[in-house]
Amino acid sequence: MKLLIIVLTLTIFVQGAKEKIGGEIVFDKTNITGDDCSTHGREIRRARLYLKGKNSSKFVYEIEYSFTGKNEWKDVYIKYNPLNNLGIEVGNIKEPIGLENLTSSKNSTFMEHSLIDTFMQSRKLGILIEGNYVKGEDKGTISLGIFGKSLDKLLKKKRDGTSIIGRLTYALIKAKDDIIHLGLSTGTTKYNHKSIKFSTNAGTHIYNGSLIKNKIKNTNKIKRFSSEVAIVKGSFSFQGEYMATTASDNRNNYSFNGWYGEVSWFATGEHKKYKIKSAKFSRIKIKKPFKKGINGYWGALEIASRISKIDLSNKDKTGGEETDLTLGINYYPQKNIKLMANYTFSEVNKPKAIKEKVIAVRGIYIF
C-alpha cells in the first residue's frame with residue numbers, strides 16, 4: 001500500500017514523464033564448513049521492484065522497493081540537473097563513499113562485498129550535490145552530501161545519526177577499455193549516545209552470527225576515510241580500497257581499518273564498463289550473447305580473485321582480525337542474466353583462531 005501511494009503521487013506530480021518499470025530477483029545457495037559454523041541453505045537474496053521516470057533532460061526520479069532484507073526501501077529520490085555537469089539529488093540514497101559501495105550489487109564482481117563493507121551504512125534520506133569535469137582524457141567528479149536517518153527508520157520512528165560525506169575522483173580514460181581511476185572519500189557521522197556494532201559474516205549472507213565483532217556503546221561520532229583505485233586494461237581489471245574508521249564515545253577514540261584488492265579477467269574479450277558521471281562501474285556489454293545452433297555463441301565468462309582484510313581490534317577494544325580469500329567465476333549468457341560461483345576461505349587470527357570455508361552459487365535475473 002505504501003508503495004502504491006508513492007507511485008501514484010509521483011506519477012501525477014511528474015506529468016509527461018517517460019516511465020520504466022523493472023526489477024531483479026537473486027537466488028543463492030550456500031554451503032559453509034568450519035570451526036565456528038557448519039551449515040547450508042538457500043534463499044531469495046534479493047527481490048526488488050522499481051519505477052524510474054524522466055521528465056525532459058533536467059528531472060529524473062526512481063522508486064525502488066525491496067521485498068527481502070531489513071531495509072524495505074532502496075533508492076527513492078528525485079534528481080534535478082540544472083547543468084550537464086551538475087546534479088542535485090534529494091531522497092533515500094547511498095552516501096558517496098567507496099567505489100565498491102557505490103557500484104550496484106547487480107554489477108559486482110563477487111556475490112558479496114569485501115570486508116570493508118562492515119564500515120558502510122545503508123541508504124539514508126539526504127541531499128547530494130554532484131559535479132563532474134571532462135577535458136579530453138581527464139575526467140573527474142566531486143560529490144558532497146548531508147544525510148539523516150533512512151526512510152525505513154523514519155517510517156518506524158527510529159533514531160539515527162547525521163552525516164556529512166564527500167567524495168573526489170579522477171580518471172584517465174584513453175579508451176573504453178583503458179582506464180585508471182583514483183578516488184578519496186571522507187565523512188563524519190554524529191550520534192546521540194548510540195551503540196554501534198561492527199561485525200563480519202564470513203563472506204555470505206546465510207552465515208549464522210558474526211565471525212568477528214566489536215560494539216561501541218554511547219557513540220557520539222564516527223569518522224570514515226576511504227581511498228580507492230581501479231585499473232582497466234582490455235579484459236583485465238584491478239580494483240582496491242583502503243578504509244579507516246574511528247568511533248568515539250565520551251572518553252575514548254577507537255580506530256579500525258580494512259582493505260581489499262581484486263583482479264578479474266574476461267576470457268571472452270569483454271571489459272569492465274565505467275560510468276564517467278558517477279565514477280563507478282556498470283553492467284558489462286556482452287560481445288556475443290548466448291545463441292543456440294552450430295554457429296551459436298556462449299555469452300561472456302569472467303574469472304576473478306580477491307583478498308580482503310579487516311582489523312576490529314584496538315588497544316581498548318579487542319574485536320578480532322579477519323582475512324578472506326575469494327575465488328569467483330561469473331557467466332553472462334544474456335545481458336539480463338548472470339550466474340555466479342564463489343569460494344571463500346576466511347581466517348581469524350584473534351581473539352581466537354577460526355577458519356571457515358564457503359561455497360556459494362547465485363542466479364540473477366533482471367527485468
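The values are calculated or read from the model by the stated rules, or taken from the named source; none is laboratory data. Owing to the predicted nature of the structure, the values given are computational and were not obtained by experimental measurement. Ideal geometry is used to build each Cβ from the backbone, glycine not excepted, and the neighbour counts take in all protein chains shown.
What the table shows:
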read-out: Cross-chain or 6+ apart pairs with Cβ under 6 Å, region 223-241 first and under 26 Å from ASN252 (Cβ atoms), then polar (S, T, N, Q) and assigned to a strand (DSSP E or B); value: LYS223/THR188; LYS223/THR246; ARG224/THR245; PHE225/THR186; SER226/SER185
read-out: Enumerated strands (runs of 3 or more DSSP E) restricted to region 267-367, each holding at least 1 residues that are among the small types (Gly, Ala, Ser); value: 280-282, 300-311, 321-334, 337-350, 354-366
read-out: ILE129 assigned to a strand (DSSP E or B), touching a residue at least 24 places away in the same chain (Cβ under 8 Å), touching a Leu at 6+ places or on another chain (Cβ under 6 Å) and under 22 Å from ALA279 (Cβ atoms); value: yes
read-out: Positions within region 127-177 being buried (at least 20 other Cβ atoms within 10 Å of the Cβ) and of a type in the set (Gly, Ala, Ser), in sequence order; value: SER143, GLY145, SER150, GLY161, SER163, ALA171
read-out: Near pairs, Cβ below 6 angstrom, 6+ apart or cross-chain, from region 163-182 (modelled with pLDDT of 95 or more) to any residue that is surrounded by fewer than 16 Cβ atoms within 10 Å (Cβ to Cβ) and not in a strand (DSSP E or B); value: LEU172/GLU137; ILE173/GLU137; LYS174/GLU137; ASP177/GLY234
read-out: Matching strands (runs of 3 or more DSSP E) fully within region 162-251 where at least 1 residues are in contact with a helix residue (DSSP H, G or I) (Cβ under 6 Å, 6 or more places away or on another chain); value: 178-199, 213-233, 236-248
read-out: Residues that are free of Cβ contacts under 8 Å to residues at least 40 places away in the same chain, surrounded by 21 or more Cβ atoms within 10 Å (Cβ to Cβ) and outside any helix (DSSP H, G or I), drawn from region 97-124; value: LYS124
read-out: Tally of residues being in contact (Cβ under 8 Å) with a residue 12 or more places away in the chain, of a type in the set (Gly, Ala, Ser) and either on the phi > 0 side of the Ramachandran plot or assigned to a strand (DSSP E or B) (or both) across region 18-58; value: 6
read-out: Scan of region 293-309 for residues that are within 23 Å of the chain's Cα centre (by Cα) and over 20 Å from GLU270 (Cβ atoms), ordered by number; value: ILE307, SER308, LYS309
